[in-house]
Amino acid sequence: MGYPMIENLTGHLVATPEGLLDTALPEAARYFAECDKPMFYEVVRLVDGLPLFWDDHCRRLRASVGDRFPVDTNLLLERVRALVAALGEVHDTVNLRLVMHQDDFVIHLSPAYYPSADQFATGVPVTLLHQERKTPNIKTIDPDYKAAVARGFASDGPYGPPFELLLVDRHGHITEGSRSNVFFIRAGKVLTAPDEFILLGITRRHVFSAIRTAHATLETGLVHVDELASGAVDAAFLTGSPIDILPISAIGATRLASAGHPLITAIHEAYQAIVRADLALRKIQPTSKEEPSI
């Protein structure tokens, strides 16, 4: 089963190895056709037209691709700049989506799912999805996994449509979100899944630094679904490039007092300082620190 390279397109222009391309032209058809080749992707948040944590995304992309084919990250950044410039003022309502396989790549804008101020203030409901990703550390397109996630989002939870789905493995442990990482507050400590069980989120890595800045204790481990109903979890939050740090108001039927939790607030404030520093660096450093593969 194949999958197209372009998904949820915003705008009419995309960036390709050859340059910018209008999707109305026949040459763009290959990006909308099903592709059976292994594809790797990154979704990058834009803030004031700048790609947040760009160098981190490049490192993860190259780690996912491995030695399958070379990745020229400087060319990718050139195409990103050209695309953003051609589309004019880019607001925070879109993300950059980069998809590549061994013979091609495409960069396009896609709708962002950035939370509203109310969602940050009150938290968001999530539900559980009993699903495991085949290669947790590699960000590759898996049509079967995407179909399972789509079915999960199509079903309302006890508190309405879920903002996110938390993946549960065969042993009943919560590992990560379908498009995010998840952290729990338990007995005054921050808990998140070990690296081998999850996609190593870029925001997650910077949240680790924010946790240290907030003088909180971080532990790695897995939370079992049975612990939710027993009240062993005090609060929880999601992390991801498009959502920053977002409190969880409920996991399934279990309500959590995450919004306004002092520890989550302190971590969020420390993380925002990291975001500001990265954007300032991007303004004065126009080229990627990554070297092209040879």
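The values are calculated or read from the model by the stated rules, or taken from the named source; none is laboratory data. Here the structure is a predicted model, which means the values were calculated and not measured. Backbone-built Cβ (ideal geometry, glycine too); neighbour counts: all protein chains shown. SASA here: full protein model, heavy atoms, side chains in, ligands and nucleic acids out. Shrake-Rupley method; radii C 1.70, N 1.55, O 1.52, S 1.80 Å.
Observations, loosely collected:
- Label positions at Ala147 and Ala24, each projected 7 Å from the Cα along the C-beta direction, are separated by 3.5 nm.
- For Tyr159, Tyr41, the ranking by accessible surface with the largest value first comes to Tyr159, Tyr41, using a 1.4 Å probe.
- Counting 0.36 nm for each residue step from Thr93 to Thr135 and taking away their Cα separation leaves a gain of 12.2 nm.
- Evaluated at q = 0.18 Å⁻¹: base-10 log I(q)/I(0), Debye formula over Cα of the range 163-293: -0.97
- Extension gain (nm, one decimal) between Phe69 and Arg186, 0.36 nm per residue minus Cα-Cα: 37.8 nm
- In a fully extended conformation the segment linking Phe32 and Thr122 would gain 28.6 nm over its present Cα-Cα distance, using 0.36 nm per residue.
- Taking the range 75-116 and dividing mean pair separation by its residue count, relative contact order in percent (alpha carbons under 8 Å, at least six apart): 34 percent
- Reciprocal mean inverse distance between Cα atoms of the chain - Kirkwood radius, Å: 19.9 Å
- Accessible surface for the chain, divided over its residues, is 45 Å² per residue with a 1.4 Å probe.
- Share, in percent, of DSSP beta bridges within the chain that are antiparallel, nearest 5: 80 percent
- Put simply, the convex hull of the Cα atoms in the range 1-88 casts, on average, a shadow of 6.2 nm².
- Protection proxy ranking of 272-281, 77-86 - average other beta-carbon atoms within 10 Å, highest first: 77-86, 272-281
- Qualifying trypsin sites (Lys or Arg not before Pro) for the range 161-220 [loop in DSSP, other Cβ within 10 Å: at most 14]: Arg170
- Using the Cβ-Cβ distance between Asp103 and Leu281 with R0 set to 45 Å, the FRET efficiency works out to roughly 0.85.
- Heavy atoms of Met100 accessible to a 1.4 Å probe, total area in Å² rounded to 10: 10 Å²
- The packing ranking of peptides 142-151, 233-242, highest mean first, is 233-242, 142-151, where packing means the average number of other beta carbon atoms within 10 angstrom of each residue.
- Portion, in percent, of the accessible area of the range 83-125 that falls on carbon or sulfur, probe 1.4 Å: 52 percent
- A Cβ-based charge dipole, computed about the Cα centre of the range 1-50 with Lys and Arg at +1 and Asp and Glu at -1, lands at about 60 debye.
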